[in-house]
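To keep things clear, I will list the structure first and then write my remarks on it.
The values are calculated or read from the model by the stated rules, or taken from the named source; none is laboratory data. Bear in mind that the values here come from a model prediction, so they are computed numbers and not experimental data. Because the Cβ atoms are built from the backbone with ideal geometry, glycine has one as well, and the counts that use them run over all protein chains shown. Keep in mind that these areas ignore ligands, DNA and RNA; they rest on the heavy atoms of the full protein, side chains included. Shrake-Rupley method; radii C 1.70, N 1.55, O 1.52, S 1.80 Å.
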Amino acid sequence: MTLCVDLAPGPRGRVGQVIQPSLNSYPLELLAESVTAWHRSPERPDLPGMMLHFSAEDYDQDAVADVAARFPTLRELGLYDLGDADLAPLARLADLRDLKVSGGHLRLNGLADLPLERLHVTATEADIPALERLTSLTVSVARVDLPKLPKLRVLDVSGADVDVESLPQVDHLTLNAEQWRRCTVRPAAATLVGERSLAQALDWAESLGLVLPRRLVSGRP
């Protein structure tokens, strides 16, 4: 099925309405007055593999339980502005591979058995479960303790208070300047976040064994 969000509707239409285009006949079929209305419609067919993003403001009841009940075949999901929430209802999403969540105190321990491969968490507090298949993790939390993640390859904790002295060995590591000063891990690829001084960034690169030219040329055309 091919769907379109109509940004230039006719005089009787509405900006943002969801339509199904047709190359052979008119009029076009109106499916819903908005993307949110289309997602929540009981007539909408479930599409395996669809990537969906939700704001808790769109739901009158508990957003986590509601989404888990409505869309059981999701592989990718974004849930934002949750406040304090237990994400255990998402455990029924047996095909979920990519999860992005933000909120207050987020409890993720109930998701330990999911086949998650990518996880992005922004919260005031979060409990990260020991996910056996997780390959990529981004965490921005006031304080977080990382469990054993045997398949982890990409890690970004530049926005978290974390014990950098005991970080796992990964292929790509992203830290802030203060964290790099205390970190002994030497990944194949590294990213420095938050450093605005070029000289200090070059010093950081050299500390990882990468020597870059320091001669700068400036001028006006």
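For this structure, a couple of remarks:
- Distant-in-sequence amide H partners of ALA160 (H built 1.01 Å from N, under 5 Å): VAL141
- Sorted peptide list for 115-127, 88-100, criterion being average Cβ within 10 angstrom, highest first: 115-127, 88-100
- Here the peptides 159-171, 73-85 are ranked by packing, the mean other Cβ count within 10 Å, and the order with the highest first is 73-85, 159-171.
- Extending 7 Å from the Cα toward the beta-carbon at both ASP163 and LEU202 defines two label points whose distance is 3.7 nm.
- Protein heavy-atom surface of segment 55-175, 1.4 angstrom probe: 43% of the accessible area is carbon and sulfur, with nucleic acids and ligands not counted.
- HN-Hα J in Hz across segment 101-113 - Karplus 6.51, -1.76, 1.60, θ = phi - 60°, x for Gly and Pro: 9, 9, x, x, 8, 9, 9, 10, 4, x, 9, 4, 8
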